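Contents: one structure, followed by commentary.
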Amino acid sequence: MGSAVATAGSAVERKTDTFGFEWLIFSDPDIEGQVTSVHAVAAELTEQGFGAQLLAAPFRFEGGVRPVYVIYGFKRGAFGLHPNREGQTRDNAAELELKAKLEDELPIEQDLTRWLGLFDAPI
């Protein structure tokens, strides 16, 4: 994994959440660099036999009232959206608004029940 990250140039940090899931946190001021790093590491982990254990790659965007997460689901090969909200509830109206804005740009998961809420994620 180190060679893939080093080649892409992003900083990476490993964290464990309260459920015991392992997270690799990539930091890069350039979104293209961050996406490249995530892709390179996911490809390397898949080559090493860990592909079935990859769940999601969330990308955090700020600039609005609250952060928004665009979450790539490895199992379905599509993105879900999660506008951050206080507490453990989802904001369905904001999710649908984001879906309408982004579905021409990204492969969006059409089954909204498969969208992942990121509550207490270490990102």
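The values are calculated or read from the model by the stated rules, or taken from the named source; none is laboratory data. Not measured: the values here are computed from a predicted model. Don't worry about glycine lacking a Cβ; one is built from the backbone with ideal geometry, like all the others, and counts go over all protein chains shown. With ligands, DNA and RNA removed, areas are computed over all heavy atoms of the protein, side chains included. Shrake-Rupley method; radii C 1.70, N 1.55, O 1.52, S 1.80 Å.
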Quiz prompt | Surface per residue (accessible, 1.4 Å probe) for the chain, Å² | solution = 64
Exercise. Match the structure shown to one of the listed values (1) 45, 36, 25; (2) 41, 32, 29; (3) 48, 30, 22 of Cα extents along the principal axes in Å, computed from it, and give that label.
Key: (2)
Quiz item: Roughly speaking, to the nearest percent, how much of the chain's 1.4 Å accessible area is carbon and sulfur?
Solution: 54
Self-check item: Sequence-distant lysines (8 or more away, or on other chains) whose Cα lies within less than 21 Å of Lys75
Solution: Lys99
Exercise. Can you tell me the 0 to 90 degree angle between the C-alpha axis of helix 92-102 and the longest principal axis of the chain, rounded to 10?
Key: 60
Self-check item: At R0 = 22 Å, FRET efficiency that the Cβ-Cβ distance of Thr113 and Phe21 yields, to 0.05
Solution: 0.65
Practice problem: Would you kindly state how much longer the chain becomes between Leu54 and Thr89 on full extension, computed as 0.36 nm times their sequence separation minus their alpha carbon distance, in nm to one decimal? | Solution: 10.1 nm
Quiz item: For Arg76 and Lys101, FRET efficiency with R0 = 22 Å and r from the beta-carbon atoms, rounded to 0.05?
Solution: 0.60
